[in-house]
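J.: Take a look at the following structure, please.
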Amino acid sequence: MTKLCGEQWGEMAAAEWGRSWAALRFFNVYGPRQKADSDYAAVIPAFLEAAVRGMPMRIYGSGTQRRDFVFVGDVASALWLFAQSGECGIFNIGSGRDMSILELAAAIGNATRTTPLLDFGPARPADVGFSRAELSRTRDMTHWRPMVPCERGLKETVRWLRRPPRGADFRLAGGRFGGCQPLRGVVSGLLWAA
């Protein structure tokens with residue numbers, strides 16, 4: 001609901017004050033420094049942590065649910081492009097490809113060079129069965145397109161996980177990932193310009 005309100009606020013601001021705006025609808029963003037230590041952590045950091053610790057990956061339901069996973073570097077390039085472009089409206093930011101949760105578990109096994117251990121639990125009531133970004137409007141209006149395939153993004157994320165700890169960025173033993181500071185001028189994917 002708050003995302004929809006933000007989009008409506010952007011449309012209102014454009015109509016009322018002539019402000020340019022863009023609401024970016026991020027699909028399942030993943031990459032280095034993503035938290036894995038909450039009940040509602042994104043599936044990729046939770047699966048990666050399970051794989052590197054030799055623990056089972058918790059799958060809710062059958063694992064056939066399909067998701068669009070987009071690498072954080074692609075999201076950053078989209079944010080940069082939109083912050084400079086002046087394009088207005090609502091735009092999807094994703095990979096434009098879908099992958100099942102079972103396929104994701106196998107891809108994480110490949111990236112970590114481990115055999116995934118799977119633990120199936122009951123499906124979550126509000127879990128969506130299929131999600132994939134439709135990118136034609138985003139491509140047509142801005143020429144943005146995702147550049148990092150999931151397999152490469154997972155390998156880059158695993159490299160980051162396995163690097164020697166620097167400061168407080170990451171402690172595998174504590175299951176904590178460091179946070180990123182939000183970009184100035186960005187609130188929940190809503191960009192604005194003067």
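The values are calculated or read from the model by the stated rules, or taken from the named source; none is laboratory data. Here the structure is a predicted model, which means the values were calculated and not measured. We work out accessible area using only protein heavy atoms, side chains counted, and drop any ligands, DNA or RNA first. Shrake-Rupley method; radii C 1.70, N 1.55, O 1.52, S 1.80 Å.
J.: Keeping all protein chains in place, calculate the accessible area per residue for the stretch 1-142 (probe 1.4 angstrom), answer in Å².
T.: On a per-residue basis, the stretch 1-142 sits at 54 Å².
J.: Can you work out ³J(HN,Hα) from phi for every residue in the stretch 80-89, in order, using Karplus 6.51 cos²θ - 1.76 cosθ + 1.60 and θ = phi - 60°, giving whole Hz and x for Gly and Pro?
T.: 4, 4, 5, 5, 9, 7, x, 5, 10, x
J.: So who's got an amide H within less than 5 Å of the one on V29, skipping anything under 5 residues away but keeping other chains? H placed 1.01 Å off N, in plane.
T.: For V29, the qualifying residues are V70.
J.: What is the set of long-range amide H partners of M57 at a cut-off below 5 Å, with H atoms built 1.01 Å from backbone N?
T.: L117, L118, D119
J.: Can I ask one more? Could you derive backbone 3J(HN,Hα) for the stretch 105-114 from the dihedral phi with the Karplus parameters 6.51, -1.76 and 1.60 (θ = phi - 60°), listing whole Hz in sequence and x where the residue is Gly or Pro?
T.: Those phi angles translate into 4, 5, 5, 5, x, 5, 5, 9, 6, 10 Hz.
J.: Each residue of the stretch 132-148 in turn: what ³J(HN,Hα) in whole Hz from Karplus with 6.51, -1.76, 1.60 and θ = phi - 60°, glycine and Pro shown as x?
T.: 8, 6, 8, 9, 4, 5, 4, 5, 5, 8, 10, 6, 6, 8, x, 10, 9
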